1. Would you grab the residues whose amide H sits under 5 Å from the one on B:Ala31? Only those 5+ places off in sequence or on another chain, please, with H modelled 1.01 Å from N.
2. Any idea what angle helix B:175-190 forms with the longest principal axis of chain B, computed on alpha-carbon atoms, 0 to 90 degrees, nearest 10?
3. As a check on your grasp of the helix formula, calculate [θ] at 222 nm for the protein assembly as shown: sum -39500 (n - 2.57) over DSSP H runs of n ≥ 4, divide by the residue count, round to the nearest 500.
4. What distance in nm separates the simple spin-label points at B:Ala219 and A:Thr149, each placed 7 Å from Cα in the Cβ direction?
5. Can you give the % of DSSP beta bridges in the protein assembly as shown that are antiparallel, to the nearest 5?
6. If the elastic network links every pair of Cα atoms under 10 Å, which of B:Leu170, B:Leu137, B:Leu157 fluctuates the most in the Gaussian network model of chain B?
7. Rounded to the nearest 5, what % of the DSSP beta bridges within the range B:132-246 are antiparallel ones?
8. So, taking all protein chains as they sit and a 1.4 Å probe, how much accessible area belongs to A:Arg306, in Å² rounded to tens?
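The values are calculated or read from the model by the stated rules, or taken from the named source; none is laboratory data. What you see is a predicted model; the values in this text were computed from it and never measured. Cβ placement follows ideal geometry from the backbone for every residue including glycine, while neighbour counts extend to all protein chains displayed. Heads up: the accessible areas ignore ligands, DNA and RNA and are worked out on the full protein's heavy atoms, side chains in. Shrake-Rupley method; radii C 1.70, N 1.55, O 1.52, S 1.80 Å.
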Amino acid sequence: MTMNSRSTLLGAVLLLAGVVGLALLPGFVGGYGLSMAINFLMFAILATSWAMFSGPSGYVSLATVAFFGIGAYTVAVLGEQLPWGAVLLLAAGIAFVVALLVGLSTLRLRGVYFVIFSFGLAELIRQVVNWYESTQAGSVGRYVFLDITQEQIVWQLTAVLALLFIVGWLIERSRVGFALRMIGDDETVALHCGVNITLIKVLVFSLSAAFMALVGAIVAPRWTYLDPSIAFNPNISFQVLIMALLGGARRLYGPLLGVIPMVLLFEYLSSNFPHLFSILLGITFLAIVYMVPHGVAGLIDSYVQRYRERFPGRRVGKNQQKESAL
Amino acid sequence: MTTSTALLSVCDVTRRFGSLRAVDGLSFDIAEGEIVGLLGPNGSGKTTMMNLVSGALKPDAGTIRLAGSDIAGLPPNRIARQGIARTFQLVRVLPSMNCLDNVKAGLGFGAQPTWGATADSKAEGLLERVGMAHRRLTLGKDLTYMDQKRLELARALALQPRLLLLDEWLAGLNPSELVEAIELLRKVRGEGVTMVMVEHVMDAIRSLCDRCVIMNAGAKIAEGMPAEALAEPEVVRAYLGDDADA
């Protein structure tokens, strides 16, 4: 218990320090620094919200960019008509509802079927938007002219990241989070323990989708020009997946550990090897899955587990030796 | 038997897989506090019957009543909440969770869900009850086979079931583990839990069960005290096989 509350306190302090640091950041760095900060924050939110659902449940989703793109397109279409707060709420709301509908019909799929479905979903949405824009709206691209500065984007993303950590922390320690871990371990057991697995999965999936859409909406003004191949670029889904896996998807803070090195690496790769980017992305993916299958946070956890088993704290002694000899 | 006071009442239940009638018009009652063995040769439909009661499968026809209310065809989570807990033929623990959390899985979502500090202390108590207090922080996947079985039982008991379904819970244990496991079940029985057990271990059936229902090819072929039911000619024929059983 005391260890728990101590780590909670540590988490709260780190969160607060991070928020203050990021809020003050725009005063110290130039345009390039800000743009890197936006990249970090964007992927931090995407990877953390991806891991909020996919980490414990084991449902690997490649639909990240579908919800991200929904957010971006909400801004492109409605950004000038509605107040900014309303646009953001609407973006999150639309993604939540879409995820709800998709989830209800597809979260029965397990393993690789769900992965493929989620990838297909993102492509489907991209093609539908493409079709609508070219045949109904008249032009494939849209311009986003909003009076939102880089600094403001950083501040908004910081706020969303903080909110995400609080929500993720609340879920993790609630019965919802526990049930999601049960589902990831053994869906049949969860079901026979009384868990309404469909409700839990769809709820957390939709919540994470809402956060992804918020990111898409907030960063949309940065692009000025937007078309479906930008907003629904499947690379984003893969990048988020790699970051979360590298950091470790079973811990709330895990993805962050992957986002920082990966954003730097992707930045380096895309500026130095623009034509080989996808190939190098794939190689990175393979290397991570092969070398750190449970991520950096997973490595930390297994050390902690080994330590705990060696020094269980209480209830050790004669009893243990006698029973383990059985 | 005592139909009016039956805790579980299975009536004319049928379940088909394609053209195979795995359970074919089966009826039996389980009274409160009883331990009933569900026996029969391999492929006679015992596990299918367990799956029908626990909700893993839906019956094609018939009713299954728990204390009077029909549960046939409800999803497993609703049935678990109504008070039926089970173990699995192939033992299932939550591999990435420690023993304490494995038991809390049974505590958190049942008829009277508990969570937080209360659940922690209850889980410790249950682990103690099955002799696993010293394994509280060990992960499910690191347990021995016997310990996984114990943990599964603790998780099932955590649901505070009115009816506990044990599907070959004693299978695969060595002789000394078997003695231990039977002792454990006797203890649980002493606490008044009603049980249905699918089992092949005859010693366990003789020493634990009040009554047996014996199945063959999806239908009931005998019912009664273990020694008597097992001696019936049709049961002997089903087990030892002549031309009738194919």
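1. Hits under the 5 Å cutoff: B:Leu7.
2. 90 degrees
3. One gets -19500 deg cm²/dmol as the mean residue ellipticity at 222 nm.
4. Calculated label separation equals 8.6 nm.
5. Around 60 percent antiparallel, to the nearest 5.
6. Of B:Leu170, B:Leu137, B:Leu157, the Gaussian network model singles out B:Leu137 as fluctuating most.
7. Counting DSSP beta bridges with both partners in the range B:132-246, the antiparallel share is about 50 percent.
8. 140 Å²
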